[in-house]
Each structure stands twice: as structure tokens, then as C-alpha cells.
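See below for the structure under consideration.
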Amino acid sequence: MRLTIVVFLAVFLLFALNPTNAFALKCKALPSVEAKYEKYDGIIIGYVEDIVETEENKRVDLKVLKSYKGIDDSTLTIQEDVTWGPSNLGEENLYFLIHTDKGWENPLCAPNEKVGNASEELEYLRDKEISLKTISASTNNTSRLSFEPVVAETTGITGVSSDNSSTNKWIFILSGACILVLLGLGIKRFVKRGKE
């Protein structure tokens with residue numbers, strides 16, 4: 001009886017210390033590329049240079065490669081949902097953004113896609129590209145900066161600065177180890193009582 005209580009308590013603690021969040025998100029697809037263009041305030045192709053996670057959201061720093069609506073800066077910081085935000089370090093994406101009082105936001109259910117998967121959208125947007133602001137060089141010549149992605153060494157990436165997944169992993173490992181120790185002690189005691 002005591003062994004059953006100990007095992008039950010150990011399993012309960014495992015789940016209490018490591019709650020898993022299960023969410024579902026279902027987005028209504030927009031009917032056409034034209035509707036997407038009309039709905040969003042800013043449309044760009046951006047290269048993800050950095051991501052910083054907080055409790056509430058992700059701050060994503062982008063190098064704007066092309067702009068099709070609402071944005072003429074060559075760099076941009078956007079906010080996106082910490083759980084559902086699609087941005088990954090080093091990727092080029094087609095972003096459909098809205099402008100809020102907090103700045104540019106990548107809203108839930110925005111029809112963002114990796115550039116390689118957005119051929120239909122890019123075909124529609126081809127004639128709508130707008131010029132990005134140019135940056136004056138030290139020689140007072142105005143020139144548009146060219147972008148060349150840099151491939152980072154895997155040991156030097158500082159991209160996502162969140163320890164949440166690492167913490168959860170250690171809690172899970174320690175909880176599992178505690179359960180195994182408790183089970184081992186319970187089995188040892190059970191076998192010892194059987195020999196008496």
C-alpha cells in the first residue's frame with residue numbers, strides 16, 4: 001500500500017513540476033493574395049538576424065531585403081507571439097505585418113511563409129516593390145547596402161536568448177531520476193519483505 005502511495009505521489013510530482021501546455025490554433029485562410037495585400041499594413045521579405053524571447057512575446061530583429069507595402073527601413077524590429085511566432089534565426093520569410101501603437105507586429109494567423117514557399121504571393125507582389133531608405137556612407141555618397149547572409153558557427157550563435165526549454169529539460173530529468181530512485185527503493189523493500 002505504501003509503495004502505491006509513493007509511486008502515485010512521484011508521478012503526481014512529475015506532472016506538477018513539469019506542466020505541458022497544450023494549445024490549438026486554427027486560422028481562417030484568406031481567400032486570395034489580393035485580400036492579404038489589402039488586410040496588412042506592411043509586407044516585406046526579411047532575414048531574421050536576432051530573436052529575444054520574453055514571457056509575453058518575441059522581439060525579432062530583421063534585415064529587410066525587399067518591401068512591398070508600408071515599410072521603407074532597411075532594418076526592422078517586430079514583435080510576435082512567443083508560442084506561435086514562426087520566425088527562426090537565419091531564415092528568410094515573407095512577412096505580413098500590422099502596425100500598432102507598440103510598433104510593427106507579426107500577428108497570430110498572419111499568412112507568413114518562407115520565401116521558397118511563397119511563389120504565388122511573390123508573383124503578385126513583384127510590381128509592388130518599394131525602395132528602402134538608403135544610408136549615407138562616410139564619403140557622403142548615398143548607396144544602398146547590399147545584404148550577404150553570414151553563416152554562423154554553431155558554437156557562436158547568440159540568437160534565441162531564452163533558457164525556458166533548458167530549464168524544463170532539467171526539471172524533467174531530475175523528476176524522472178527521483179521516480180526511478182523511489183521505484184528502486186520500493187522494489188528493494190518489497191523483495192526484502194518477501195524473503196522474510
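The values are calculated or read from the model by the stated rules, or taken from the named source; none is laboratory data. In this text the structure is predicted, and so the values were computed from the model without any measurement. Please note: Cβ atoms are built from the backbone with ideal geometry, for glycine as well, and neighbour counts cover all protein chains shown.
Assuming Asn93 fulfils every condition listed in (1) at pLDDT 95 or above; (2) under 13 Å from the mean Cα position of the chain (by Cα) apart from one, which condition is it?
For Asn93, the exception is condition (1).
Output the number of the condition that Tyr47 fails; it satisfies all remaining conditions of (1) of a type in the set (Phe, Trp, Tyr); (2) modelled with pLDDT under 95; (3) not in a helix (DSSP H, G or I).
The failed condition is (2).
Got a sec? Which of Ala137, Ala152 is surrounded by 10 or more Cβ atoms within 10 Å (Cβ to Cβ), within 30 Å of the chain's Cα centre (by Cα) and modelled with pLDDT under 80?
Ala152
For every residue, the table says whether it meets (1) of a type in the set (A, V, I, L, M); (2) surrounded by fewer than 16 Cβ atoms within 10 Å (Cβ to Cβ); (3) under 17 Å from the mean Cα position of the chain (by Cα).
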residue	(1), (2), (3)
Tyr47	no, no, yes
Val52	yes, yes, yes
Glu55	no, yes, yes
Asp61	no, no, yes
Thr77	no, yes, yes
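Which residue out of Lys66, Lys28 is under 19 Å from Thr134 (Cα atoms) and either more than 20 Å from the chain's Cα centre (by Cα) or hydroxyl-bearing (Ser, Thr, Tyr) (or both)?
Lys66
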